[in-house]
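See structure below.
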Amino acid sequence: MVAETSRCGAAEVLVIGGGIAGASCALELARHRVNVTLVERSRFPRAKVCGCCVSDAGLRLLDQCSLKQQVLSRGQVTDRWIASFDGRRVEIPVPIGVAISREVFDPMLIDAAAESGAAVAMQTQGTIDRMLPDGVLVTLLHDGQTVQKQFDAVVVAAGLSAGRVQELLPWTDAPHGPFGVSCTARSDDLRPGAIYMACDDDGYVGMVQLADGQTDIAAALRPGSIGNAIGDPLARMQQILGRSGLPLPDFQTVSPVITTPPLRRTRRFGNARVIAIGDAAGYVEPFTGEGMTWAMASGIAAANRIATANDLRLLGDQWQLELQQLLDRKKRLCRIVTTACRSSLLRRFAGHALIRFPGLARPLLRELSRGV
């Protein structure tokens, strides 16, 4: 998987964003012996709106990065999906994955990238100023001090907040759809190793127990009736779970609730020497833990594309085709499934069918867990 040398030679690459996609990209670039700098504007560890589940395809990627055992040792193995479709409970075995807190997982990836040779600058913001004939001019802001530097290529991995690249990488599908919501709480009733999902007309809520005993709760909620208002997200999650018949976490112990802007979005993936990966490139709500796997897959693929490039001026066009081929089928499948979860008619049909014939879900689960 790791090339002994890089065709990039002495090229300098900047990765903006230290989440899963950015850290995976920096780690792989460093393993290719590319001069890579990773900047992240936040201080780690930090909470994220995330279901915290890695699928078995993600575990295979982590194994290639020599991180699988470390993740398994600090996470909770998952092997079962328990869902409620308008109160109809369905339980299906799924390929083994892992639930791991982002407060644990993200620093683990950052540390691995730094240990492999990436230069990591936390609490540092990177902003693309303009394209140059032979590179990209970027302003780096840290502790109130700014510096301008030229890089041979820039990877944008700043998640849903990557809004400053609109001129270079415009939206092809502007942000719309449900809001993301996440928090943690205590629960004595959830089965360790099970991924719970409650679906009804207001959206869906997922729950999974983490290794420390906390329950991660993540939801995709429909916009409210007044404009795009989300209302009280905690109350809405409680209502969905209360109608589901699934175990209820102790909402008296809930952590601060985090929300996102509308989730569904897609932008142009590349332009000359600038490319976008992970959620910065586009987002469709995942189903049973594909989101973090997609982030790792896009980060690793981008690093391989950069490391083997003969001409970085062509990077954007090449990446536009590659990322679309890498994830388009799986994201389209998740879009169909999550859209179906919002239809009362389809939920009733799925609930009745899967209760009687749970094996009907196996082809879908196989496709979602297949390598990317």
Quiz item: Taking GluC sites (Glu not before Pro) as exposed when DSSP calls them loop (any state but H, G, I, E, B) and at most 13 other Cβ atoms lie within 10 Å, what is the longest stretch of the chain free of them, the sites themselves excluded?
Solution: 168-372
Self-check item: Candidates Ala118, Ala309, Ala281: whichever shows maximal mean-square fluctuation once the chain is modelled as a Gaussian network with Cα springs under 10 Å
Solution: Ala309
Quiz item: Label point 7 Å out from Arg74 along Cα-to-Cβ: which residues of the range 204-223 have amide N under 14 Å?
Solution: 211-212
Self-check item: the chain, helix-only ellipticity at 222 nm - DSSP H runs n ≥ 4, -39,500 (n - 2.57), divided by all residues, nearest 500
Solution: -10000 deg cm²/dmol
Exercise. Quote the relative contact order of the chain in percent (integer), defining contacts as alpha-carbon pairs under 8 Å separated by 6+ residues.
Key: 24
Quiz item: What's the center-to-center distance, using Cα atoms, between the range 76-101 and the range 180-207 in Å?
Solution: 10
Self-check item: Non-local Lys pairs in the chain, i.e. 8 or more apart or on different chains, that have alpha carbons under 26 Å apart
Solution: 5
Quiz prompt | Inter-label distance, nm, simple model (7 Å from Cα along the C-beta direction), Leu137/Ser42 | solution = 3.1
Exercise. Could you tell me, in Å, what Rg and Dmax come out for the Cα atoms of the chain?
Key: 20.4, 63
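A short reminder: the numbers here are calculations on the coordinates, not readings from a lab. Source: prediction; values computed, not measured. Glycine also receives a Cβ, built like all others from the backbone with ideal geometry; neighbour counts cover every protein chain displayed.
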